[in-house]
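Nothing in this text is a laboratory measurement; each read-out follows from the coordinates by a stated rule. The model shown is predicted, which means the values in this text are computed figures rather than measured ones. Cβ sites come from the backbone with ideal geometry, for glycine too, and all protein chains shown count toward neighbours.
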Amino acid sequence: MLQKLKLERDFSQYNYLSLDSAKVNGVDDATNFRTVRNAMQIVGFMDHETQSIFEVVAAILKLGNIEFKPESRVNGLDESKIKDKNELKEICELTGIDQSVLERAFSFRTVEAKQEKVSTTLNVAQGDT
């Protein structure tokens, strides 16, 4: 299942799970996972629905690992670019989103006012938020 979800067994590889608040002593994650999965079957989740939920959770874990780097543009302003596009590629495979669309969403902001759209690049600080 981990391979299908493009995940690593070592949870410390994921920024969201390596936070101190993500660790709870005395909790057996494997047992809890089986309990949740069984409960999903009992309440009528189909296998493909359960898989879709796991894919969304995997994509969220990977989103937490996206890092940005500044890249200078011709006009001298910095633009936010994704450091490692492999994480982005895997997120897109899990969610079915076109990679160029998601990358643009991390790098540009579009404002629409009175039927006119203006796109501006985001810098690294803006991309992180």
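Listed values, structure above:
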item	result
Stretchable slack from Arg104 to Asp10, in nm (0.36 nm times residue separation minus alpha-carbon distance)	30.8 nm
Exposed chymotrypsin sites (Phe, Trp or Tyr not before Pro) absent - longest run of the chain, DSSP non-H/G/I/E/B, at most 15 other C-beta within 10 Å	46-129
Positive dipole terminus of the chain, leading residue within Val43, Cys92, Thr121 (C-beta point charges)	Thr121
Cα-derived Rg over Rh, computed across the range 1-65 with Rh taken as Kirkwood radius	0.98
The range 67-129, dipole about Cα centre (Lys/Arg Cβ +1, Asp/Glu Cβ -1), debye to the nearest 20	240
Charge dipole of the chain about the Cα centre (unit charges at C-beta), most positive-ward option of Ala105, Tyr16, Leu63	Ala105
Loop-exposed GluC sites (Glu not before Pro) per DSSP, neighbour cap 16 Cβ within 10 angstrom, longest uninterrupted part of the chain	68-129
DSSP-assigned coil residues among trypsin sites (Lys or Arg not before Pro) in the range 27-93, each with at most 13 further Cβ atoms within 10 Å	Arg73, Lys83
Prolate/oblate/rounded call for the range 67-129, Cα gyration tensor, a/c under 1.5 rounded	oblate
Cα-centred dipole magnitude for the range 1-65, charges only on beta-carbon of K, R (+1) and D, E (-1), debye, nearest 20	80
Whole-Å distance, taken between Cα centres, linking the range 35-101 and the range 1-34	16
Contact order normalised by residue count of the chain, Cα under 8 Å, 6+ apart, percent	21
Sequence-separation-based contact order of the range 1-65, relative, with Cα cut under 8 Å and 6+ spacing, percent	51
Average silhouette area of the chain, convex hull of alpha-carbon atoms, in square nanometres	11.3
Mean ellipticity per residue at 222 nm, deg cm²/dmol - from DSSP H runs of n ≥ 4 across the chain, formula -39500 (n - 2.57)	-13000 deg cm²/dmol
Magnitude of the charge dipole, the chain, Cβ model with Lys/Arg +1 and Asp/Glu -1, debye to 20	140
